[in-house]
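Reviewing the structure listed below.
The values are calculated or read from the model by the stated rules, or taken from the named source; none is laboratory data. Just so we're clear, the structure is a prediction, and the values are computed from it rather than from any experiment. Using ideal geometry, Cβ is built from the backbone for each residue, glycine included, and neighbour counts are taken over all protein chains shown.
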Amino acid sequence: MNKSNNIPRKPSWLRVKSVLSPEVLAYQKDLSASGLKTVCREAACPNRGECWHNKSFTFILLGNQCTRMCPFCNITASKPEPVDYEEPQKIVRFLKKHAINHIVLTSVTRDDLPDGGAGQFIDTINAIRAEGLQIPTELLIPDFRDWTHFDAVASLHPDIIGHNIETVRRLYTDVRPQYTYERCLEILRHLKRSNPAVLIKSAILVGLGETDNEIRQTIRDLHNAQCDIVYVGQYLPPSKKHWPVSYYYTPQQFESFKQFGLSLGIKHIVSGPLVRSSYQSWKTLN
């Protein structure tokens, strides 16, 4: 891990409004009671209040214990929990109770499961549809390893399928030691081949030690992998034990990344200091 002591001071444009409104607290209480996990809470997302106010939730399937360890991530890497086969119905009950408008389904990486967890995505989508709920849905999937599992998930015809590249090629060995840059791009290409009609999405965190040119090259690589949607956001270390931030990009720099992506022909770019991979995801379908 980068041990640089020259950690920059957080700038004013990264200030986040408090999420502890009565509305947010009520959602948190209900999520805790039902045993459901969300990226909004477990990954300490700075946009929780805004997304929840718009009735958009990102659920983490299959627990919150990951089988891979990335030094930038707030998700715990340890022995995974047993699969909760009631989880799809728990999510359905939450959606119905709160009249949710939009959802993202993601999961930790589960290398311990024969299908990598693909079956839980399928069961959850089927449970939602069995109730007749017409909710725009994005799937933000991990590496299932076997292409047949990717095909099975793509055949569900979600509105969006995402798989995050996270960082630039040069930093992969240190920042994503159990993944590879090329594997991520191949997953995106395969998803598009499996279902050409589905929108393909990926996201990059910046401020991990990359250069502007490397960011642009990554955006270009995502375009070449047929990504329709690309998100670019500022890395914020969850704690002092995580990978340190190297640089805080300005709003103007984020706008330049957006314009670069659009100039390549990417359909939709969301780029900003507080952007995360499911931030305002509902707007990409309007």
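Check whether at least one residue in segment 78-93 is at pLDDT 95 or above, among the hydrophobic types (A, V, I, L, M, F, W, C), in contact with a helix residue (DSSP H, G or I) (Cβ under 9 Å, 6 or more places away or on another chain) and buried (at least 21 other Cβ atoms within 10 Å of the Cβ), and report yes or no. There is at least one residue in segment 78-93 that is at pLDDT 95 or above, among the hydrophobic types (A, V, I, L, M, F, W, C), in contact with a helix residue (DSSP H, G or I) (Cβ under 9 Å, 6 or more places away or on another chain) and buried (at least 21 other Cβ atoms within 10 Å of the Cβ).
Scanning segment 26-75 for residues that are of a type in the set (S, T, Y) and closer than 18 Å to I135 by Cβ gives Y27, S34, T38, S56, T58.
Just a yes or no: is a residue in segment 148-156 under 26 Å from R216 (Cα atoms), among the acidic types (D, E) and either surrounded by fewer than 22 Cβ atoms within 10 Å (Cβ to Cβ) or over 15 Å from the mean Cα position of the chain (by Cα) (or both)? Within segment 148-156, not a single residue is under 26 Å from R216 (Cα atoms), among the acidic types (D, E) and either surrounded by fewer than 22 Cβ atoms within 10 Å (Cβ to Cβ) or over 15 Å from the mean Cα position of the chain (by Cα) (or both). Scanning segment 114-141 for residues that are closer than 18 Å to R68 by Cβ, out of contact with any His (no Cβ under 8 Å at 6 or more places or on another chain) and without any contact (Cβ under 8 Å) to a residue 40 or more places away in the chain yields a count of 1. Applying a threshold of 6 Å to beta carbon distances and a minimum spacing of six or more residues, or different chains, the list of pairs starting in segment 89-100 at a residue that is more than 14 Å from K37 (Cα to Cα) and ending at one that is in a helix (DSSP H, G or I) and among the acidic types (D, E) is empty. The residue of segment 85-101 that is farthest from the chain's Cα centre (by Cα), among those that are in a loop (DSSP other than H, G, I, E, B) and more than 16 Å from N126 (Cα to Cα), is A99. In summary, I219 fulfils each of the numbered conditions (1) touching a Gly at 6+ places or on another chain (Cβ under 9 Å); (2) over 22 Å from R110 (Cα atoms); (3) not in a helix (DSSP H, G or I); (4) not charged (D, E, K, R) with the single exception of condition (3).
Tally up the residues in segment 25-63 that are in a helix (DSSP H, G or I) and among the hydrophobic types (A, V, I, L, M, F, W, C), please.
Step one: list which residues in segment 25-63 are in a helix (DSSP H, G or I), which gives 25-34, 39-42, 48-53.
Subset that is among the hydrophobic types (A, V, I, L, M, F, W, C): 25-26, 31, 33, 39-40, 51-52.
Adding up the residues that qualify gives 8.
Taking first residues from segment 8-29 that are surrounded by 11 or more Cβ atoms within 10 Å (Cβ to Cβ) and partners that are modelled with pLDDT under 80 and not in a helix (DSSP H, G or I), the Cβ contacts under 7 Å between residues at least 6 apart in sequence or on separate chains come to V16/P46.
This table checks each residue for (1) more than 21 Å from P8 (Cα to Cα); (2) surrounded by 19 or more Cβ atoms within 10 Å (Cβ to Cβ).
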site: L188; (1), (2): yes, yes
site: N224; (1), (2): yes, no
site: Y235; (1), (2): no, yes
site: K240; (1), (2): no, no
site: Y249; (1), (2): no, yes
site: F254; (1), (2): no, yes
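If you check T284 against the conditions, is it among the polar types (S, T, N, Q), touching a residue at least 60 places away in the same chain (Cβ under 8 Å) and part of a helix (DSSP H, G or I)? Spelling it out, T284 is indeed among the polar types (S, T, N, Q), touching a residue at least 60 places away in the same chain (Cβ under 8 Å) and part of a helix (DSSP H, G or I).
Test E166 against the stated conditions and say whether it is closer than 27 Å to F254 by Cα, buried (at least 16 other Cβ atoms within 10 Å of the Cβ), in contact with a helix residue (DSSP H, G or I) (Cβ under 9 Å, 6 or more places away or on another chain) and touching a residue at least 60 places away in the same chain (Cβ under 8 Å). So E166 passes the test. Can you tell me which residue is farthest from V230 (Cα to Cα) among those in segment 248-274 that are part of a loop (DSSP other than H, G, I, E, B) and out of contact with any strand residue (DSSP E or B) (no Cβ under 9 Å at 6 or more places or on another chain)? The selected residue is T250.
Regarding V230, is this residue surrounded by 21 or more Cβ atoms within 10 Å (Cβ to Cβ), farther than 25 Å from H102 by Cβ and either under 15 Å from the mean Cα position of the chain (by Cα) or of a type in the set (A, V, I, L, M) (or both)? In short, no. Scanning segment 1-38 for residues that are under 19 Å from S271 (Cα atoms) and either at pLDDT 70 or above or in contact with a strand residue (DSSP E or B) (Cβ under 9 Å, 6 or more places away or on another chain) (or both) gives K10, P11, S12, W13, L14, R15.
What do you reckon, is L262 out of contact with any Pro (no Cβ under 8 Å at 6 or more places or on another chain), in contact (Cβ under 8 Å) with a residue 24 or more places away in the chain and either over 17 Å from W13 (Cα atoms) or of a type in the set (A, V, I, L, M, F, W, C) (or both)? Criteria not met by L262.
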